[in-house]
């Protein structure tokens, strides 16, 4: 069985306090919160999950650059891939676009129904959103909301929710 974490970065690993806190790195990107990194590493160790990046950072960096950046920040495991950018991913419909991207990845890769996953994001992906054709996409039941973007994944109870959904 494959365990996947669909992972956002802003508001999850890089908290509101981290925006603009640029370090001297070759990516020109800001650093992740150290406590959020620690929590993610603990989740990865306990679950053995792989990361699929659903963050819009995928539009700015290659997969190899993202992997290097994860390593630079002390994350033990980089993403194995990322979701493709959907046509519904616009400023007016970020949640719907993100949902489209994750649903498309699941449909494409879950051929044997041997996939266990959790979606971790600061956007609320638990509700339904319309796609570009006016159809509605079911929200994710296996979703953990990091709604306190100053805390991200280190928010009390988040780590336990993610582990429970994956194990």
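I'd like to verify a number: residues in region 121-141 that are in contact with a helix residue (DSSP H, G or I) (Cβ under 6 Å, 6 or more places away or on another chain) and modelled with pLDDT of 90 or more, how many?
1
So if I check each of 114, 104, which one is at pLDDT below 90 and closer than 16 Å to residue 3 by Cα?
After applying the criteria, what remains is 114.
Condition first: on the phi < 0 side of the Ramachandran plot, in a loop (DSSP other than H, G, I, E, B) and touching a residue at least 24 places away in the same chain (Cβ under 8 Å). Now tell me which residues in region 61-85 satisfy that.
61, 73, 75, 76, 77, 78, 79, 80, 83, 85
Limited to region 30-59, what total is found for residues that are buried (at least 16 other Cβ atoms within 10 Å of the Cβ), at pLDDT 95 or above and in a helix (DSSP H, G or I)?
7
Pull up region 1-22, narrow it to residues that are in contact with a strand residue (DSSP E or B) (Cβ under 7 Å, 6 or more places away or on another chain), part of a loop (DSSP other than H, G, I, E, B) and farther than 14 Å from residue 78 by Cα, then point me to the one that is modelled with the lowest pLDDT.
21
The values are calculated or read from the model by the stated rules, or taken from the named source; none is laboratory data. In this text, all values refer to a predicted model and were calculated from it rather than measured experimentally. Neighbour counts run over all protein chains shown; Cβ positions are idealised from the backbone, glycine included.
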